[in-house]
Amino acid sequence: MCGIVGYVGNQSVVDILLDGLEQLEYRGYDSAGVALQTPDKLDVYKAVGKLCNLREELKHHTDETRKAIMGIGHIRWATHGAPTVLNAHPHTCNCGNLVVVHNGIVENYKELRELLTAKGCVFKTQTDTEVVAHLIAQKYALSKDLTEAVRLAVKDLKGAYALCVMHKEEKNKLVGTKLNAPLLIGVGEKENFFASDVPAIIKHTKKAVYLEDGEIATLTKDTYSVIDSDGNVVEKKVEMLPWEPVALSKMGYKHFMLKEIHEQPDVIRNILTGKLHTPQDNVILNEVKLTREHLKNLNRIQIIACGTSLHAAMIGKYLIETLCGIAVDVEASSEYIYRRTVTDEHTLVIGVSQSGETADTLTAIKQAKAKGSHILIITNRPDSAMAREADSLVPVNAGIEVSVAATKSYIAQLVSFYLLAIYMAEIKESANEYLLLSLKTDLMILPQKIEQILSHKEEIQKCAKIYSGTKDFIYIARGINYPTALEGALKLKEISYINATGYPAGELKHGPIAMLDETMPVLSILMKGCVYEKLLSNSEEAKARNARMIALTNSEDEKLNDLFDFIIRVPDVQDLLSPILAIVPLQLLAYYIAEFLGKDVDQPRNLAKSVTVE
Ligand code: M6R
């Protein structure tokens with residue numbers, strides 16, 4: 001959940017590190033720091049809060065910092081120790097000659113701290129990372145070789161880490177290593193980089209080397225080399241990154257979130273390209289290796305995910321059960337990994353993750369793989385750790401998503417689930433062919449319908465203005481849109497900090513209805529279909545308790561005008577596809593409410609986009 005950048009080369013080290021960290025700010029933003037190697041010394045600069053504070057701090061030291069020949073930088077999302085200057089990375093050993101930045105959690109740091117204290121190390125911070133600095137410094141005192149010192153030191157670490165290390169005596173050398181946390185090398189011309197993620201380096205190079213767990217990389221200005229944990233040289237493949245720097249710009253939008261919401265029609269078109277040529281054709285998923293035989297032998301499917309991806313998974317369950325007739329369980333990865341699950345070679349396990357690096361989901365996937373299950377990954381990052389564990393892959397092609405609140409990646413995950421469910425139904429011949437034909441036909445025209453919603457945003461802005469003063473918000477829905485209610489509520493709470501909750505509407509009267517009075521907004525996701533009338537009754541029940549009623553609907557039903565204070569309309573769409581349309585106004589509603597409240601939309605407090613710790 002932290003971001004790392006390392007640079008050795010001829011450009012301005014400070015600028016490269018700060019620009020790189022800015023691109024990684026989605027990973028954490030409660031403090032930041034850099035360590036700079038100049039020809040004669042090693043300096044560390046840190047600041048609490050967002051990266052702009054560190055930028056300001058560095059402006060007071062330009063005479064020194066412009067001499068830097070290499071450096072490492074870090075953006076932090078605090079796990080051990082409050083976000084203070086002292087706890088911000090980089091951390092140093094006692095003599096100050098060695099600096100380290102770290103992403104992950106050293107689980108055995110308490111034992112190591114005791115051992116190192118007994119050996120004379122003095123600890124200044126509350127972080128788990130400081131033990132790493134002392135540990136490597138001790139190994140360096142013996143080996144006088146930074147790569148070897150790192151190789152030996154990490155043998156004592158338990159947990160997860162991506163590390164980048166520099167020593168005052170090794171003026172043209174950066175060393176990095178990783179275990180269960182991402183780290184890649186950016187390969188340039190007379191310059192090399194370390195980074196937690198592609199956006200930090202894409203402006204400078206499209207060539208990357210992905211490190212595997214346990215590998216140790218050494219960078220100089222002109223070379224890079226990789227060894228394994230036993231010290232053997234590893235020949236690594238240089239991959240060409242498919243990213244364009246323009247993806248990282250707001251393109252005139254006030255926030256990345258708004259830009260990403262507007263990209264959704266094109267995201268759907270991109271996903272469908274090559275996978276669905278015409279409604280009459282079968283869905284093509286080249287990287288899914290499930291045969292008819294395999295599907296026949298499946299007892300069940302388990303889908304594991306977190307946050308927004310979990311909501312996509314819930315819709316995936318509805319679709320797969322409806323179209324394929326296979327039992328599907330959906331579970332939060334953090335729960336799945338700490339119980340005995342009934343998972344074996346007859347279970348298909350689907351992991352869903354925008355980032356492909358969420359620690360809980362990655363662990364769950366590895367556990368299921370060890371039990372012999374076929375692993376299918378739905379991810380926006382085909383270059384991620386999760387994708388590398390996959391037997392089958394559905395790349396969701398949403399392009400890079402910068403805003404912490406997931407929007408276009410959610411729509412992309414949904415479309416991926418539609419394609420997957422149809423694909424499996426076609427192999428299994430388990431669904432009515434006219435239903436599949438109509439789903440495929442309507443999927444292809446969804447982008448225009450979303451464009452219609454996006455071109456009438458004023459109504460949603462008006463709604464946002466009316467309800468932005470509320471402290472609580474309830475979303476209700478039934479059937480396939482129950483997860484839409486959860487996702488709408490999650491969007492609102494994560495960027496506006498309003499207490500928003502999604503309920504299956506039938507559950508209202510079993511408790512939550514007690515909260516309703518004339519101050520409580522209740523947004524009913526009232527899409528035409530099998531549960532429309534039922535949800536209408538539930539909405540009446542809420543109205544009878546004086547709640548402030550809002551409808552999100554594709555119905556022209558006259559009765560709605562009396563029942564609801566505010567109506568948000570979306571184009572007509574068949575029931576099964578309605579979640580793809582219904583979520584768009586809810587994303588916009590959350591966005592505009594947060595904007596009215598003056599919140600930091602793209603980087604909400606306490607959150608990070610990639611949750612690489614359990
Ligand atoms: O990268 P992942 O999809 O695995 O991330 C899972 C959640 O952390 C993520 O969806 C989170 O809930 C977002 N902030 C939602 O907007």
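Bear in mind these aren't lab numbers, they're just calculated from the coordinates by the rules spelled out. Treat the numbers as computed from the prediction; the structure is a model and nothing was measured. FYI the Cβ positions are ideal-geometry reconstructions off the backbone, even for glycines, and counts take in every protein chain you see.
Given contacts defined as C-alpha pairs under 8 Å and at least six residues apart, what's the relative contact order of segment 125-186, whole-number percent?
24 percent
For residue 524, the residues 5 or more places off, or on other chains, whose built amide H falls under 5 Å of its own are 476, 550, 551, 552.
Would you please classify the overall shape of segment 403-497 from the alpha carbon gyration tensor, given that a ≥ b ≥ c denote the square roots of the eigenvalues, rounded means a/c under 1.5, and beyond that prolate means a/b larger than b/c while oblate covers the rest? Taking the square roots of the gyration eigenvalues as a ≥ b ≥ c, segment 403-497 is prolate.
Note on segment 256-450: the C-alpha convex hull projects to 9.8 nm² when averaged across all orientations. Using the average count of surrounding beta-carbon atoms within 10 Å as a protection proxy, the listed peptides 580-591, 601-612 rank, highest first, as 580-591, 601-612. In this entry, segment 215-343 is assigned a mean projected area of 14.5 nm², taken as a quarter of its C-alpha convex hull surface. The value of relative contact order for the chain, using C-alpha pairs under 8 Å at least six residues apart, is 11 percent. Overall, the ratio between the Cα radius of gyration of segment 368-414 and 2.2 N^0.38 Å, rounded to two decimals, is 1.26. Cα centroids of segment 465-481 and segment 489-534: 5 Å apart.
In whole angstrom, the chain maps to an equivalent ellipsoid with semi-axes of 45, 27, 22, each derived as √(5λ) from the alpha carbon gyration tensor and ordered largest first.
Of the GluC sites (Glu not before Pro) found in segment 283-364, those in coil by DSSP whose Cβ has at most 13 other Cβ atoms within 10 Å are 345. In this Cβ point-charge picture (+1 for Lys and Arg, -1 for Asp and Glu), the chain has a dipole of about 800 debye about its Cα centre. When only alpha carbons are used to place a centre, segment 315-357 and segment 31-45 end up 46 Å from one another. Exceedance of the 31 Å cut-off in Cα-Cα distance is limited, within the set 41/203; 144/609; 59/609; 168/366; 158/599; 289/493, to 144/609; 168/366; 158/599; 289/493. Once you have a ≥ b ≥ c as the square roots of the Cα gyration tensor eigenvalues for segment 150-299, tell me rounded if a/c is under 1.5, and otherwise prolate or oblate according to whether a/b is larger than b/c. Oblate, because a/c is 1.5 or more while a/b does not exceed b/c. Normalised by the number of residues in segment 3-247, the mean separation of alpha-carbon contacts (under 8 Å, six or more apart) gives a relative contact order of 19 percent.
Restriction of the trypsin sites (Lys or Arg not before Pro) in segment 505-576 to DSSP coil positions whose beta-carbon has at most 13 other beta-carbons within 10 angstrom yields 559.
Per residue, the Cα convex hull of segment 1-147 amounts to 106 Å³. Across the cross-link table entries 296/534; 207/275; 440/491; 50/119, which are compared at the Cα atoms, the separations over 30 Å belong to 296/534; 50/119. Residues whose amide H falls under 5 Å from that of residue 183, counting only those 5 or more places apart or on a different chain, are 211, with hydrogens built in the peptide plane. Overall shape of segment 21-96 was characterised from the C-alpha gyration tensor. The equivalent ellipsoid obtained from it has semi-axes of 21, 15, 10 Å, in decreasing order.
Highest mean packing comes first when the peptides 27-36, 450-459, 256-265, 148-157 are listed by Cβ atoms within 10 Å, giving 27-36, 256-265, 148-157, 450-459. Full extension of the chain segment joining residue 55 with residue 444 gains 135.4 nm, where the gain is 0.36 nm per residue of separation less the Cα-Cα distance. Placing unit charges on each Cβ (+1 for Lys and Arg, -1 for Asp and Glu) gives segment 7-65 a dipole about its Cα centre, and among 26, 52, 38 the Cα reaching farthest toward its positive end belongs to 26. With q set to 0.11, 0.14, 0.19, 0.21 Å⁻¹, the log10 of I(q)/I(0) for segment 458-596, from the Debye formula over equal scatterers at the Cα positions, is -0.32, -0.54, -1.07, -1.35. In segment 3-247, inverting the average of 1/r over every pair of distinct C-alpha atoms gives 17.5 Å as the Kirkwood radius. Ordering of 437-448, 53-64 by packing is 437-448, 53-64, highest average first (other Cβ atoms within 10 Å, averaged per residue). About its Cα centre, segment 62-142 has a charge dipole of approximately 140 debye under the convention of +1 per Lys or Arg Cβ and -1 per Asp or Glu Cβ, with nothing else charged. Electrostatic tally near residue 278: other residues with Cβ closer than 15 Å to its Cβ, Lys and Arg +1, Asp and Glu -1, net -1.
Shape of segment 528-599 from the C-alpha gyration tensor: oblate (a/c of 1.5 or more and a/b not above b/c, with a ≥ b ≥ c the square roots of its eigenvalues).
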